[in-house]
Amino acid sequence: MKEKTHISVVSPVYKAENIIKELVRRLKENLDKITDSYEIILVNDSSPDNSWEAIEKECNNDDKIVGVNLSRNFGQQYAITAGINISKGDWVVIMDCDLQDKPEEIINLYKKALEGYDSVFAKRINRNDSLFKKLFSKIFYSVFSYLTDTKQDSSVANFGIFNRKVIEAVLSMKDYIRYLSAMIQWVGFKIYYLPVEHSERYEGKTSYNIKGLFKLAFDTIIAFSYKPLRLIILFGFFIVLSSFIIGIYYFINYFLGNIPVMGFTTIILFLCFLSGIIISVLGIIGLYVGKIFESVKNRPTYIIKDIVNTNNDI
């Protein structure tokens, strides 16, 4: 009977062909200090370089390395979902492939988990990211916290270690839009945030651009919060109340003779203003309807093209 896997490491891979070898070396070096019962799952998110070939090479050298190749680029969160779905470990580590998440910190995360925590997130100190990315992250998490009525921390991302029951709870969620760190916090269990060192990217630049970051922000907020719709309702009431007060003001001034000629400019400005509000409201509602449309189609969140070194059903 095959020994049960103690730790699974899941890492989404994109534009990392020259990082894979070093990533695997450092992971094995540190995981060996914990247990010899582990697996390293590298999920190639249809990277345009030779990342899959690099993954296959590592798989051929060690059957503890599991290679997953997606049929197209689904996005980081969906690549992680594919990885945790085939993972078998009692504990699952999620980390990026660029080595900004240091494999050496896995030991500290694991030790803290053994103190009785089901989820231990890495809390990055002295983030080695661009000023724009750090600023955007702070703004996003502040807005996300407000709209979802939760406490979010811009120093916390995907990196962490999670008990199997946490992973199973997350996999039971059928949300079409996936955002793993928020989903893990939503399912509950006992959580700890452990300060860790954050490194510079081992090679190259991040694949996230402004468009990608804004898409992630909009998708995540819409998926996890109805508060924008509630804010629209409040804003609508505010506009109605304001219009009523302004209407009374002009009505009184009209009878007092202070407005001899009705203002054409005022009418046009109000029409443009209200038209803009209506279009914005319809746009936000349309985003929610669009996401509902995507969900009811019940399409898979990812498709696996190739898989190496696992007997799991796919």
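Observations on the model:
- So A54, is it in contact (Cβ under 8 Å) with a residue 24 or more places away in the chain and either closer than 25 Å to F189 by Cα or surrounded by fewer than 19 Cβ atoms within 10 Å (Cβ to Cβ) (or both): no
- E29, sole failed condition from (1) over 27 Å from A169 (Cβ atoms); (2) touching a Lys or Arg at 6+ places or on another chain (Cβ under 7 Å); (3) among the acidic types (D, E): (2)
- Selection of first residues in region 299-314 that are over 19 Å from L171 (Cα atoms) and of a type in the set (S, T, N, Q) and of second residues that are modelled with pLDDT of 70 or more and exposed (fewer than 12 other Cβ atoms within 10 Å of the Cβ), restricted to Cβ pairs under 6 Å at least 6 apart or on distinct chains, gives the following pairs, ordered by first then second residue: N309/D63.
- Residue among Y141, Y146 that alone is at pLDDT below 70, surrounded by fewer than 19 Cβ atoms within 10 Å (Cβ to Cβ) and within 30 Å of P300 (Cβ to Cβ): Y141
- Residues satisfying the stated conditions in region 86-110, i.e. open to solvent by 30 Å² or more (accessible area, probe 1.4 Å) and among the charged types (D, E, K, R): K88, D90, D96, K102, E104
- Close contacts from region 25-38, counting a first residue that is closer than 15 Å to K102 by Cβ and in contact (Cβ under 8 Å) with a residue 40 or more places away in the chain and a second that is part of a loop (DSSP other than H, G, I, E, B) and open to solvent by less than 20 Å² (accessible area, probe 1.4 Å), with Cβ to Cβ under 6 Å and a gap of 6+ residues or different chains, come to none at all.
Yes/no per residue for (1) modelled with pLDDT of 90 or more; (2) in a loop (DSSP other than H, G, I, E, B); (3) open to solvent by 50 Å² or more (accessible area, probe 1.4 Å):
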{"position": "L42", "(1), (2), (3)": "yes, no, no"}
{"position": "S47", "(1), (2), (3)": "no, yes, no"}
{"position": "E58", "(1), (2), (3)": "no, no, no"}
{"position": "N69", "(1), (2), (3)": "yes, no, no"}
{"position": "R72", "(1), (2), (3)": "no, yes, yes"}
{"position": "I84", "(1), (2), (3)": "no, no, no"}
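- Options K133, K28, K123: the member that is at pLDDT 90 or above and either under 19 Å from the mean Cα position of the chain (by Cα) or part of a helix (DSSP H, G or I) (or both): K28
The values are calculated or read from the model by the stated rules, or taken from the named source; none is laboratory data. Because the structure is predicted, anything quoted here is derived from the model rather than measured. Heads up, the Cβs are rebuilt from the backbone with ideal geometry, glycines too, and the neighbour counts pull from every protein chain shown. Quick note on the areas: whole protein, heavy atoms, side chains included, nothing else; ligands and nucleic acids left out. Shrake-Rupley method; radii C 1.70, N 1.55, O 1.52, S 1.80 Å.
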